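**Q** Structure below; questions to follow.
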Amino acid sequence: MMSTGTLKKLLVHTYMTLFTLPIIAMIIWYFLAATMNFTTGQFSMENFSFFGKPVEYAGVKLPLIWPIVLNTIVYSFLIVAIEVCISVPTAYAFARLDFRGKRATMKFLFLMRSFPGITLIIATFFILVQMNLVNTYLGVLLVAITGSLPGRVYIMKGFFDEVPWDIEWAAMVDGCTRFSAFKKVLVPYVLPGIGAIAVFSFLGAYGEWFLFKLLIFNDDMLTLAGYLSKLVTKENNIINYGLITAIGLFYTLPIVVFYIFTQKIFMKVNLGGAKQV
């Protein structure tokens, strides 16, 4: 007779296995579509030639992929650094300080989360045109950060709310300033939250393609997601399934590996700060 604990573990493992099967099937299909000619049944690595030369096919010309990879890495880590550096002290202020307009500001942040980004895109584009920030990384960074920052602040506020006031007061009684108590006492307690928003920020930035398609006109300034979108013709027909699945496989595998090693951080959000959001 199986114990209740063993049965629960079996059900969880079964559920997770079924949940991951479509992802595994997608990766296998990517590999087969990229390496097999289904008409002749021959194996070929021709679709992976983008590693060594620019992509040219059916009138589409794209630069060598390695500078695009560098763009993606730099952009993703810039987003992570900026969002963490802004959201952590902002969340601390909302969780620990009393100031005029606090409730109104929090309501405004919540309101910003309620609007889908697509509804504001025309106004956003017009503002960027007036500021001469179209076709610049700064313009993309500003729009991306503005859209995601309210959510990051709410997540971090939940983690700060979980830290007892007594710990911070004890640190200040022992001689710490408020900033020292924040840096030496509170930050170690909320490291899971910082890790969580860093992971969310990285995944969001790594997969960003819409802003690059809308605001960036030079192909050598694209990220990997935008690079993939360029392989679709104006009629929205994929021009080369083998090539796009090969690049898609190259694009997808790092993020799958990254998720495997960071899944515990996602669990921290559910167990900790998210219940305060």
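The values are calculated or read from the model by the stated rules, or taken from the named source; none is laboratory data. Because the structure is a prediction, the values reported are computed rather than measured. Quick reminder, even Gly has a Cβ in these numbers, built from the backbone with ideal geometry, and neighbours come from all protein chains shown. Areas reflect the complete protein model, heavy atoms only, side chains present, ligands, DNA and RNA absent. Shrake-Rupley method; radii C 1.70, N 1.55, O 1.52, S 1.80 Å.
**Q** So in region 244-270, with the set limited to residues that are closer than 18 Å to residue 22 by Cα and among the hydroxyl-bearing types (Ser, Thr, Tyr), which one is modelled with the highest pLDDT?
**A** The selected residue is 251.
**Q** Now for a different question. Just checking, how many residues over region 153-182 are at pLDDT 85 or above and among the basic types (Lys, Arg)?
**A** Final tally of qualifying residues: 1.
**Q** Which residues, counting only those in region 90-117, are loosely packed, with under 13 Cβ neighbours inside 10 Å and touching a residue at least 60 places away in the same chain (Cβ under 8 Å)?
**A** Selection gives nothing.
**Q** Can you tell me which of 81, 25, 34 is within 22 Å of residue 255 (Cα to Cα), in contact with a Gly (Cβ under 7 Å, 6 or more places away or on another chain) and in a helix (DSSP H, G or I)?
**A** On inspection, the qualifying residue turns out to be 34.
**Q** If residue 128 meets every condition in (1) surrounded by fewer than 20 Cβ atoms within 10 Å (Cβ to Cβ); (2) assigned to a helix (DSSP H, G or I) apart from one, which number is that one?
**A** Of the numbered conditions (1) surrounded by fewer than 20 Cβ atoms within 10 Å (Cβ to Cβ); (2) assigned to a helix (DSSP H, G or I), the odd one out for residue 128 is (1).
**Q** Across region 208-228, what is the number of residues that are under 15 Å from the mean Cα position of the chain (by Cα) and either farther than 27 Å from residue 253 by Cα or open to solvent by less than 30 Å² (accessible area, probe 1.4 Å) (or both)?
**A** 6
**Q** Residue 121: among the hydrophobic types (A, V, I, L, M, F, W, C), closer than 24 Å to residue 210 by Cα, surrounded by 15 or more Cβ atoms within 10 Å (Cβ to Cβ) and modelled with pLDDT under 90, yes or no?
**A** In short, yes.
**Q** Now, a different point. How many of the residues making up region 144-181 are of a type in the set (A, V, I, L, M) and farther than 28 Å from residue 215 by Cα?
**A** First, the residues of region 144-181 that are of a type in the set (A, V, I, L, M): 144-145, 149, 153, 155-156, 163, 167, 170-173, 181.
Now narrow it down to the ones that are farther than 28 Å from residue 215 by Cα: 155-156, 163, 167, 170-173, 181.
The qualifying residues number 9.
**Q** Out of (1) in contact with a Leu (Cβ under 9 Å, 6 or more places away or on another chain); (2) in contact (Cβ under 8 Å) with a residue 40 or more places away in the chain; (3) not charged (D, E, K, R), what's the single condition that is false for residue 167?
**A** Unmet for residue 167, out of (1) in contact with a Leu (Cβ under 9 Å, 6 or more places away or on another chain); (2) in contact (Cβ under 8 Å) with a residue 40 or more places away in the chain; (3) not charged (D, E, K, R): (2).
**Q** Which residues, taken from region 67-88, are surrounded by fewer than 16 Cβ atoms within 10 Å (Cβ to Cβ), out of contact with any Asp or Glu (no Cβ under 9 Å at 6 or more places or on another chain) and in contact (Cβ under 8 Å) with a residue 12 or more places away in the chain?
**A** Within region 67-88, 77, 86 meet the criteria.
**Q** Would region 168-176 turn up any residue that is surrounded by fewer than 13 Cβ atoms within 10 Å (Cβ to Cβ) and in a loop (DSSP other than H, G, I, E, B)?
**A** Yes - at least one qualifying residue is present in region 168-176.
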